[in-house]
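The values are calculated or read from the model by the stated rules, or taken from the named source; none is laboratory data. The shown structure was predicted, so the numbers you read here are calculated from the model rather than taken from an experiment. Here the Cβ is made from the backbone with ideal geometry for all residues, glycine too, and neighbour counts use every protein chain on show.
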Amino acid sequence: MLSQEELLGKGYEKATFAAGCFWGIEAVFRKVQGVDFTQVGYTGGDKENPTYKEVCMGNTGHAEAVELLFNPKIVPYEKLLELFWEMHDPTSLNKQGPDVGTQYRSAIFYHNEDQKNKAMSSKKEREYLHRSKKPIVTQILPAGPFYRAEEYHQQYFEKTGNEGGCILKY
């Protein structure tokens, strides 16, 4: 398996999404052809090197998120955005299924202007398609530091053989 640096050197791009419990988000993205690296962790807050326990307490400002590397020749960023919108409820503020708190918010963390523009455009399209329903509360923010979660969280469903408490629409 190639390292992150090797994949990026081969033209892969990085994407970061928050949509509730990071175990479920990662499990969905790991099934996508062209996504060749995933890791779960914490981003969007102000505490350096937070632990899972600190993030769960809800006072770090971080969201549970998945960072992935994808080959845009195989899976375009727009396809990842479609999957993101479909896997969770983007109208639910700081809550997905049984998980409640800002650490479970819906957010797209963009890594360049192209991703920002595509994320904003896809959000506008979703808002138009769902204009009679609740407003979409998904944040679109520049990617900042990403803190890898503890090892037992990585590929959690593959390690445990169950889907735990994560509730995703997917």
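Just a few scattered comments:
- Some residue of the range 69-92 being buried (at least 23 other Cβ atoms within 10 Å of the Cβ), in a strand (DSSP E or B) and at pLDDT 95 or above: yes
- Filter pass, residue 86 being out of contact with any Gly (no Cβ under 6 Å at 6 or more places or on another chain), closer than 15 Å to residue 16 by Cβ and among the charged types (D, E, K, R): no
- Scope the range 121-157; condition of a type in the set (S, T, N, Q), surrounded by 13 or more Cβ atoms within 10 Å (Cβ to Cβ) and either in contact with a Pro (Cβ under 6 Å, 6 or more places away or on another chain) or in a loop (DSSP other than H, G, I, E, B) (or both); matching residues: 138, 154, 155
- Residue ID - farthest from residue 37 (Cα to Cα), chosen from residues in the range 93-109 that are touching a Lys or Arg at 6+ places or on another chain (Cβ under 9 Å) and crowded, with 20+ Cβ neighbours inside 10 Å: 96
- The set of residues from the range 82-108 being of a type in the set (A, V, I, L, M, F, W, C) and over 14 Å from residue 25 (Cβ atoms) comprises 93, 100.
- Answer residue from the range 130-152, given it is of a type outside the set (Ser, Thr, Tyr) and more than 15 Å from the chain's Cα centre (by Cα) and is modelled with the lowest pLDDT among those: 131
- Single residue of 155, 96 found to be at pLDDT below 95, touching a Cys at 6+ places or on another chain (Cβ under 8 Å) and not aromatic (Phe, Trp, Tyr): 96
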